[in-house]
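Each remark here refers to the structure printed beneath this line.
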Amino acid sequence: MYYNIGNGIKLMKNWPESLPFIIVLLCCLLFTTAAVAGELKILTSVYPVYIFTKNVVADVPGVSLDLLVSPEGGHIHDYALTPADLKKITAADLFIINGAGLEEFLHKVKNEVSPKVKIIDTSSGVSLISGDDEHHSTNPHIFTSPQNAITQTNNITVAVKSADPEQASLYQKNAEKFIARLKTLLRNFQNSVS
């Protein structure tokens with residue numbers, strides 16, 4: 001059944017008959033590797049931003065989404081990056097942050113992050129209110145407002161569409177669906193306080 005070709009290596013006598021199978025197997029491995037290599041890797045800093053991003057990229061093929069600081073990870077203001085965190089950031093195509101000074105740890109490592117990683121600040125266009133703690137002059141917890149969440153979702157959508165224009169219509173459709181839910185939440189909130 002086998003040819004002994006030396007050094008303990010054996011070759012099947014009927015290997016030519018297995019050649020089509022081997023070619024198909026190699027093609028499958030190559031295409032799987034190519035698909036993973038072409039994947040858009042998104043990392044978010046905090047859980048609310050993760051939720052907004054997850055709704056924008058929902059069911060879009062070729063996108064991986066990960067969260068840097070889990071809700072169980074402690075207080076974001078006291079968070080210290082680990083070498084593994086820095087590796088996660090550097091491996092991402094997009095690092096989507098809340099912004100407004102929430103990710104204080106980011107200032108210390110910005111120069112260590114690969115220039116290929118696009119850092120997306122979702123606080124762009126949000127009106128900040130005065131802070132009332134020792135950490136900030138403005139309140140960085142902008143995600144607690146449905147209106148701000150809409151602005152953040154729009155910022156995320158623009159960034160993801162720019163990074164993956166071939167699937168822009170899918171991101172836009174997902175964002176519109178999520179923003180409609182946020183607008184309903186905003187209306188319900190406004191009606192409850194009026």
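Tabulated data for the structure shown
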quantity	calculated
Failed item in (1) open to solvent by 30 Å² or more (accessible area, probe 1.4 Å); (2) modelled with pLDDT of 95 or more; (3) in contact with a strand residue (DSSP E or B) (Cβ under 6 Å, 6 or more places away or on another chain), with residue 151 passing the rest	(3)
Matching residues in the stretch 61-78 - criterion: being outside any strand (DSSP E or B) and surrounded by fewer than 18 Cβ atoms within 10 Å (Cβ to Cβ)	61, 62, 70, 71, 72, 73, 74, 75, 77, 78
Unique match (being of a type in the set (A, V, I, L, M, F, W, C), surrounded by fewer than 16 Cβ atoms within 10 Å (Cβ to Cβ) and over 16 Å from the mean Cα position of the chain (by Cα)) among 143, 189	189
All positions within the stretch 158-173 that are closer than 19 Å to residue 148 by Cβ and open to solvent by less than 90 Å² (accessible area, probe 1.4 Å)	159, 160
Selection count, the stretch 118-140, where residues are surrounded by fewer than 16 Cβ atoms within 10 Å (Cβ to Cβ), part of a loop (DSSP other than H, G, I, E, B) and modelled with pLDDT of 85 or more	4
Residue match in the stretch 100-112 (condition: aromatic (Phe, Trp, Tyr) and at pLDDT 90 or above)	no
Any chance residue 187 is of a type in the set (D, E, K, R), part of a helix (DSSP H, G or I), under 14 Å from residue 56 (Cα atoms) and out of contact with any Gly (no Cβ under 7 Å at 6 or more places or on another chain)	no
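The values are calculated or read from the model by the stated rules, or taken from the named source; none is laboratory data. Predicted model, so just to flag it, every value in this text is computed and none were measured. Methodologically, a virtual Cβ is constructed for each residue, glycine included, from the backbone with ideal geometry; neighbour enumeration extends over all protein chains shown. Note: areas computed on protein heavy atoms with side chains; ligands, DNA, RNA excluded. Shrake-Rupley method; radii C 1.70, N 1.55, O 1.52, S 1.80 Å.
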